[in-house]
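First comes the structure, then the notes that go with it.
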Amino acid sequence: MSNYSVRPVAPRDAKAIAEIHVATWQAAYQGLIPDDVLKAMTFEKRLAYWKEAIEFSDPQLLVALDSDTVIGFVGFDRSRDPGTKSSVGEIWAMYVTPAHWRKGAGLALWDGARDGLKEEGCTQVTLWSLVANERALQFYEQAAGFKREMPSLRATSYGSVKLEEIRLKRSVD
């Protein structure tokens, strides 16, 4: 049972989401993504992005709270992958502050996103993860029930390097 609550995002959450996104991205991807790329992800850029995302609900966002403090977020909506059916949703982003890793916040966010995707009529959900991000893959596969789609491997540029990403998929039920 999680001690975290999850609620829809509010405009006031943009600052917390941007801070979490930058700090968690830099912690989670340290050693996986080049340092210059990690340093280029700034609070100002993320704040502008998340303010706009909140304003237009693109993607839909939920935040996880520890008491009244935002400690994580999930963005989800229809799949952005070309050629997918309208019944396929996607987790666009999910980040939890490192102090709350492996304590149930990610599952609380996943449960909220799954409920939102069901309400939208989605029957399947996908997400993309770096193959080298073992912590994320362990969460998605073992805790959240996703399975890797092996033929989906793709290379994505992060600065001067290309890293492999893999799509994971599961039923929304």
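Show that you can apply the helix-only estimate: for the chain, add -39,500 (n - 2.57) for every DSSP H stretch of four or more residues, divide by all residues, and state [θ] at 222 nm to the nearest 500. Walk me through the intermediate numbers first.
Working: 5 runs with 55 residues, N = 173.
Value at 222 nm, helices only, nearest 500: -9500 deg cm²/dmol.
Setting aside same-chain residues fewer than 8 positions from K51, which lysines have a Cα under 24 Å from its Cα?
Cross-link targets: K15, K39.
In nm, to one decimal, how far is the modelled label at K118 from the one at N3, with both set 7 Å along Cα→Cβ?
Label at K118, label at N3, 2.7 nm between them.
May I ask you to sort D173, D58 by Cβ crowding, counting other Cβ atoms within 10 Å and putting the fewest first? All intermediate terms of the calculation are to be shown ahead of the outcome.
Details: D173 7, D58 12.
With the sparsest Cβ surroundings first, the list reads D173, D58.
Please report the relative contact order for segment 5-128, taking Cα pairs under 8 Å with a sequence separation of at least 6, and give it as a percent rounded to a whole number.
For segment 5-128, the relative contact order is 26 percent.
Farthest toward the dipole's positive end in the chain, which of W50, S79, S157, given Cβ charges of +1 (Lys, Arg) and -1 (Asp, Glu) about the Cα centre?
It is S157.
Suppose each label sits 7 Å from its Cα in the direction of the beta carbon; what would the A48-D68 distance come out to in nanometres?
Here the modelled spin labels are 3.2 nm apart.
Label 7 Å along Cα→Cβ of L32; segment 145-163 residues with amide nitrogen under 18 Å?
From segment 145-163, the list is 145-150, 152-163.
Consider the candidate values (1) -0.63, -1.59; (2) -0.73, -1.15; (3) -0.67, -1.28; state which one is log10 I(q)/I(0) by the Debye sum over Cα atoms at q = 0.13, 0.20 Å⁻¹ computed from the structure displayed.
For log10 I(q)/I(0) by the Debye sum over Cα atoms at q = 0.13, 0.20 Å⁻¹, the calculated option is (1).
Every read-out reported here was derived from the displayed coordinates using simple, explicitly stated rules and does not represent laboratory data. Everything quoted here is computed from the prediction, not taken from an experiment. Positions of Cβ are backbone-derived with ideal geometry, glycine not excepted, and every protein chain shown enters the neighbour counts.
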